[in-house]
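One structure below.
The values are calculated or read from the model by the stated rules, or taken from the named source; none is laboratory data. What you see is a predicted model, and the numbers here were worked out from it, not measured in a lab. Here the Cβ is made from the backbone with ideal geometry for all residues, glycine too, and neighbour counts use every protein chain on show.
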Amino acid sequence: MSVFISFEGVDGSGKSTQIRLLLQYLDEQSVPYVFTREPGGTPIAEQIRRVLLDPANRGMSVITEALLFAAARAEHVSRTIRPALEEGKVVICDRFVDSSLVYQGVAGGLPVEFLTQINEMATGALRPHRTIVLDLAPEVALARRTGEEADRIERQSREYHQLVREGYLDLARAEPRRVKVVDASRSVEEVQKDVRRLVEEVLPRRFRGAGTRP
């Protein structure tokens, strides 16, 4: 049985750190996995990523943004995610369709029905078995990104990022079995404990508590 797990949250919520620690844990448990990210995950999708996140493209319309994300996602799913799932691996993905529903939908103003339709076409209606949302106030999240140059989306207003946060919380209320919210304002260790618990709940039984490699 393969498992697809996505991570979501406002920019600066700590996804990179928590995913890195989770991957170390999966290595210790001898769990076969593939880690990937959005936008990206294939050479073509990585090229689209550069266009999407380049601050020089600040005039990009939200509908162009949505269509580019969907195009990158179609490539990503067909060439990286589905093949890994077919091999029985655990796929850990930094962002997936929920990002489009929240960023281009809730915060960007596009109809969720439109975004759902184009992304179902792009992914073949693929959905994660579990989505972990790292929840953090935008002002705290953005303050954590000291020393890093902000990309085009990170440079959006605080109001925009607050809408993103609220969008994720609404998703969790709408789909409580799939979407789980983790309070990311706590210590790295406390957050990781919750992340591991939520991941273990959906892992195949043979991998739960498998123990470390000799």
>> Taking the criterion of being surrounded by 14 or more Cβ atoms within 10 Å (Cβ to Cβ), at pLDDT 95 or above, more than 30 Å from P83 (Cα to Cα) and not hydrophobic (A, V, I, L, M, F, W, C), would at least one residue in the stretch 131-146 satisfy it?
In response: yes
> Of the residues S61, S78, S30, which single one is of a type in the set (G, A, S), modelled with pLDDT under 95 and either in contact with a strand residue (DSSP E or B) (Cβ under 9 Å, 6 or more places away or on another chain) or surrounded by fewer than 17 Cβ atoms within 10 Å (Cβ to Cβ) (or both)?
Replying inline: S30
> Which one of R186, R165 is at pLDDT 95 or above and part of a helix (DSSP H, G or I)?
Replying inline: R165
> Which condition number does A45 fail, the rest of (1) loosely packed, with under 15 Cβ neighbours inside 10 Å; (2) out of contact with any strand residue (DSSP E or B) (no Cβ under 8 Å at 6 or more places or on another chain); (3) not basic (K, R) being met?
Replying inline: (1)
